[in-house]
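Working notes, beginning with the structure itself.
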Amino acid sequence: MIHPTVNDITKGKYNRYTLVIAAAKSARHITDLAGAEAERAAEAAENDRMGKDIRPDTTDPIGERAVTMAVEKLLDGEYKVVLGDNAAKTESEK
C-alpha cells in the first residue's frame, strides 16, 4: 500500500477514481520521460564505445516505481489534477 492516504492526496476536491486516473497518467508521463532519457543515454554510450564490445544497460529501473513517484508528485503539488470534460488530466499533459 502506498502512503499517504487517498484523503491526504485528494483533500476532498475529487474522488478516488479521479485520483487513480491522474496517478496512472502521471506514471505514464514519468515512464515516457525516463524512456526518452534512457534512449539518449544509450545513444551517447553507443557513440562513446568506439568499437568496444560493451553493451548498454537495457533494464527499466523506473518501471515499478513510476506509480509511487506519480503519487508523490501529486501530493507535493508538482503535478495537479485538472478536472474538465469529465476526464482527469494532469498538468504534465499540457
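Read-outs: derived from the displayed coordinates by stated rules, not from any lab. Here the structure is a predicted model, which means the values were calculated and not measured. Every residue, glycine as well, gets a Cβ built from its backbone with ideal geometry; the counts of neighbours run over all protein chains shown.
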Spacing of the two label points (7 Å from each Cα toward its C-beta) at Arg28 and Arg65, in nm: 2.3
Order these peptides, 35-46, 13-24, by their mean beta-carbon neighbour count within 10 angstrom, highest first. 13-24, 35-46
Between Asn7 and Ala42, the FRET efficiency computed from the C-beta separation at R0 = 41 Å comes out, to the nearest 0.05, as 0.50
